[in-house]
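Remarks on the structure that follows.
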Amino acid sequence: MDLRKIGKFIAQKRQENNYTQESLAEALDVSNRSVSKWERGICLPDSGHMAELCKLLKISINDLFNGEKVDMKDAEKKAEQLLIEMAKRQEIANKRTFVHTNIAAVGAMLLYFAVVGITARCMHKEDFWPILILVLATLVLFITLYFAFRIEVDLGHYTCKHCKYEFTPTYGQAARAIHMGTTRYLKCPKCHKRSWSKKHF
Ligand SMILES: [Zn+2]
């Protein structure tokens with residue numbers, strides 16, 4: 001998917017259909033800046049506006065993603081290529097989110113220990129504030145780890161070693177399973193055997 005090519009195509013079709021950036025933005029109920037961003041290839045129109053945009057520009061969704069009019073005889077093949085490419089993009093995005101989530105979790109833990117360490121050194125018996133700080137820090141740590149855990153489980157899926165079945169564990173199953181890196185010891189919902197299942201995105 002070539003965002004710059006798509007952007008140029010949107011601009012070209014907009015002009016052919018006698019829209020200015022302003023009038024097209026108005027027709028779609030988006031800001032002028034959004035249209036400008038699409039045309040400069042900074043981002044794609046969001047999914048909620050795609051169908052309407054294509055209708056206004058008299059193109060198909062397939063044309064839009066390819067950044068050109070797709071020949072009818074190539075349409076199916078091009079659509080399939082796009083689906084594969086989008087799946088790949090999704091995988092990459094998921095992996096990136098996974099890494100960022102882990103960094104956030106480790107960061108939250110390091111920050112927590114730093115706060116605990118500093119607070120413990122400054123603590124006097126009669127002070128109330130260190131306890132307050134510790135309680136708050138603990139709360140923030142648990143909330144961060146809880147959400148990091150949920151994101152981690154939601155991203156990707158596992159493959160059973162015995163029957164090759166692909167599945168996503170529930171939060172409870174994931175929490176109870178031992179794991180090493182991106183591999184978890186999970187019970188397969190299909191064949192009910194346990195195995196070290198590797199995470200895929
Ligand atoms: Zn299985």
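Our note on the geometry: Cα centres of region 132-172 and region 3-20, 43 Å apart.
Net charge dipole, region 1-105: roughly 340 debye, given to the nearest 20, about the Cα centre with Cβ charges of +1 for Lys and Arg and -1 for Asp and Glu. Between helix 3-16 and the chain there is an angle of about 40 degrees, using the helix long axis and the longest principal axis of the Cα atoms.
Each reported figure results from applying straightforward, stated rules to the coordinates on display, with no laboratory input. Treat the numbers as computed from the prediction; the structure is a model and nothing was measured. For neighbour counting, all protein chains shown are included, and Cβ atoms are generated from backbone atoms with ideal geometry for every residue, glycine included.
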